[in-house]
Each structure stands twice: as structure tokens, then as C-alpha cells.
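The structure appears right after this line, and notes come after that.
The values are calculated or read from the model by the stated rules, or taken from the named source; none is laboratory data. A quick note: this is a predicted structure, and the numbers were derived from the prediction, not measured. Cβ atoms come from the backbone with ideal geometry, glycine included; neighbour counts cover every protein chain shown. Heavy atoms of the whole protein, side chains included, go into the accessibility calculation; ligands, DNA and RNA do not. Shrake-Rupley method; radii C 1.70, N 1.55, O 1.52, S 1.80 Å.
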Amino acid sequence: MEMDVEALCKAAYGERSEERANSRNGYRERALETRAGTVGLKIPKLRTGSYFPDFIEPRRTAEKALTAVIQEAYIQGISTRSVDDLVKAMGMTGVSKSQVSRLCEEIDERVQAFLQRPIESDWPYLWIDATYVKTRQAGRVVSVAVIIAVAVNTDGVREILGVATGASEAEPFWTEFLRSLTRRGLRGVKLVISDAHEGLKAAISKVLKTTWQRCKVHFLRNALAYANKGQRQAVLAVINTIFVQDSPESASAQWRLVTDQLREKFPKLAAMMDAAEQDVLAFTSFPRAH
């Protein structure tokens with residue numbers, strides 16, 4: 001290590017030389033685990049830049065691999081006890097809850113940086129959805145709402161713009177989430193696609209003041225709930241004829257035709273379609289290529 005540092009400094013310790021490129025700045029201690037036991041190292045420090053001996057690199061790589069395994073287990077929701085068992089199975093002595101938390105701090109920092117990054121350029125199309133997941137809070141397992149916003153910009157690039165968790169999908173939660181996106185720079189939104197959650201619709205109207213499109217997937221899921229299992233394929237096929245029309249006028253005409261065809265056997269479905277036409281066909285007023 002001394003020879004390495006001399007080569008980097010282009011001068012020996014304490015030597016006065018016009019060729020000197022750097023100088024020493026003390027040492028840092030490091031324990032190196034070997035098959036023969038633990039070896040204490042004093043690694044020279046530099047005033048400019050840093051130095052790390054090559055012969056320790058394999059150990060550093062192994063540490064990175066172990067950290068990656070523990071972080072992946074943490075992300076997958078594996079318990080600390082199971083992570084400890086996993087580490088032991090890899091031939092090590094185990095890992096404590098505090099060690100897991102310390103190793104995963106890097107994940108939290110990266111996630112926060114991702115969620116708080118500035119949103120640049122215009123994003124004309126925005127998709128918003130939610131799901132519920134189980135999480136541990138104060139020693140109890142509870143269900144929380146996880147909401148996500150995905151958008152496409154004017155270059156056709158799709159990105160996740162934001163993610164948030166909350167106790168429920170109440171309107172104030174949606175409103176604050178959308179406002180957080182606008183504070184980060186979200187602009188140019190022309191069409192928002194989501195399910196028909198009343199709180200979300202109200203928040204979109206209040207914050208983004210733009211056109212709302214009822215999600216086709218959610219709409220079809222709701223529609224098929226009015227048919228029994230053996231009828232669903234036929235109902236789906238006839239409804240899908242609406243979405244292959246090449247103009248807003250033909251799509252609207254086909255919608256009404258299909259609704260009337262379904263009215264006798266599925267009156268509740270027909271009533272839902274009567275009310276949903278404008279919201280489900282909102283996309284037809286936008287460029288077909290989009």
C-alpha cells in the first residue's frame with residue numbers, strides 16, 4: 001500500500017519534489033477477514049482523491065453482492081428473521097434487524113430522490129391507478145392504498161411520475177397527490193385516464209382541470225360483472241366492436257347500437273352504458289395515432 005501511494009503521489013513520504021502530484025493525509029483503519037483470522041490494516045489516505053488497495057476489491061465486491069441480496073429481500077417483504085436465515089445459509093454468521101435497516105437506508109434515499117425529482121416537459125396523457133397492499137404499522141398488519149401516476153410526454157416517452165401511500169382513496173388523499181405532482185412541475189396534461197372513483201374524479205377536476213377518460217379496462221371489468229361466466233366472452237366481443245371504430249361519430253353510433261342490443265338481456269348493463277358513454281369515449285376526440 002505504501003508503494004502504491006508513493007506511485008500516486010510521485011514522491012516518497014516526507015520527500016520534497018517538484019514532481020509531487022499529491023500528498024498523504026493520515027490513515028484509516030480497516031479489518032480484513034481472512035481464513036487465518038482478522039488482519040488490521042492501516043490504509044493511507046490522500047489529500048486529493050482517494051486510495052483503496054486492489055487486493056481488497058474482491059471483498060468489496062462480495063460485500064456489494066451481499067448488500068444487494070439483503071436489499072432485494074427487504075423489497076420483497078421478507079421478514080428480518082428470514083433474511084437472517086438467508087445470510088446464514090450463505091455461510092455467514094447472520095444479520096441483525098439494525099444491520100438490515102442500515103443496509104437498506106440506501107434504498108430509501110434512492111426512492112425519495114426518485115419521488116421528489118423535478119418533472120420536466122409536457123405530459124399530455126396521464127394514467128392514475130391504485131391498489132391495496134398489506135403493511136406492518138406499529139406491530140399490526142394493515143391494508144393501505146398505493147397510488148401511482150404514469151404519463152406519456154410529447155416525445156412518446158412513458159415514465160412513472162409519482163407513487164404515494166395512504167389509509168384510503170379519499171378525495172383529500174388524491175387531491176394532495178395530484179398537487180404534489182404539479183408542485184414538482186407536471187404540466188400540459190390534456191387527458192387523465194383512471195377508474196370511476198368519485199374522489200379521484202373530483203380531485204382531477206379540482207387540480208388538473210382537464211378531460212377525464214374512464215379507463216377501458218376498469219369499464220369492461222365493471223360491465224362483465226353484469227353477465228354470468230358463460231355469457232362474458234360474447235358480451236366482451238360485442239362491446240369491443242365500439243373501440244375499433246375510426247371516428248368519434250362512428251364510435252358513438254356503435255355504442256348506442258350495442259347498448260340497445262344488450263338492453264333486453266342485460267338491462268343493468270345497458271343502463272350503465274347509457275350513463276358511461278361520454279366518459280368512456282372521451283379519447284376519441286384525440287388524435288387516432290395517439
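How big is segment 105-174 in terms of Cα radius of gyration and Dmax, in angstroms?
In Å, with Rg to one decimal and Dmax whole: 14.4, 46.
Please work out the Cα convex hull volume for segment 208-265 and give it in Å³ per residue.
102 Å³
Could you tell me which GluC sites (Glu not before Pro) in segment 174-272 are loop residues by DSSP with no more than 11 other beta carbons within 10 angstrom of their beta carbon?
Here the sparse-neighbourhood loop sites are GLU264.
By the scheme Lys and Arg +1, Asp and Glu -1, what is the net charge of all other residues having a beta-carbon under 10 Å from that of GLY199? Walk me through the intermediate numbers first.
Details: positive: LYS201; negative: GLU169, GLU171, GLU198.
In short, -2.
Given the C-alpha centroids of segment 236-290 and segment 133-204, what is the distance between them in whole angstrom?
27 Å
In nm, what is the difference between 0.36 nm times the number of residues separating LEU46 and ALA138 and their Cα-Cα distance?
28.5 nm
Sort SER205, SER168, SER50 by heavy-atom solvent-accessible area, probe 1.4 angstrom, most to least.
SER50, SER205, SER168
Please report the relative contact order for the chain, taking Cα pairs under 8 Å with a sequence separation of at least 6, and give it as a percent rounded to a whole number.
Relative CO of the chain lands at 9 percent.
Counting pairs of Cα atoms in segment 133-225, how many percent are more than 20 Å apart?
Details: 1846 of 4278 pairs.
Result for the distance tail: 43 percent.
Compute and list, largest first, the equivalent-ellipsoid semi-axes of segment 140-179 from the alpha carbon gyration tensor, each √(5λ) rounded to a whole angstrom.
Each semi-axis is √(5λ); the values are 26, 12, 5 Å.
Using a cut-off of 27 Å between alpha-carbon atoms, which lysines can reach LYS88, once sequence neighbours fewer than 8 places away in the same chain are excluded?
LYS64, LYS97
Considering the Cα positions of the chain, please state its Rg to one decimal place and its Dmax as a whole number of Å.
Just the Cα atoms of the chain yield Rg and Dmax of 29.6, 99 Å.
When you count, for each residue, the other Cβ atoms within 10 Å and take the mean per peptide, how do 77-84, 279-286 rank with the highest first? Present the calculation step by step, with values, prior to reporting the outcome.
Numbers: 77-84: 15.0, 279-286: 17.2.
Ranked from most to least packed, the peptides come out as 279-286, 77-84.
In the chain, carbon and sulfur make up what percent of the accessible area (probe 1.4 Å)?
The computed percentage sits at 51.
Across segment 185-232, how large is the tail of the calculated P(r) beyond 18 Å, expressed as a percent of all Cα pairs?
41 percent
Calculated from DSSP H runs of 4 or more alone, at -39500 (n - 2.57) each and per residue, what is the 222 nm mean residue ellipticity of the chain, nearest 500?
Calculated mean residue ellipticity at 222 nm is -14000 deg cm²/dmol.
Leaving out ligands and nucleic acids, note down the accessible area per residue over the chain with a 1.4 angstrom probe, in whole Å².
Ligands and nucleic acids excluded, the result is 63 Å² per residue.
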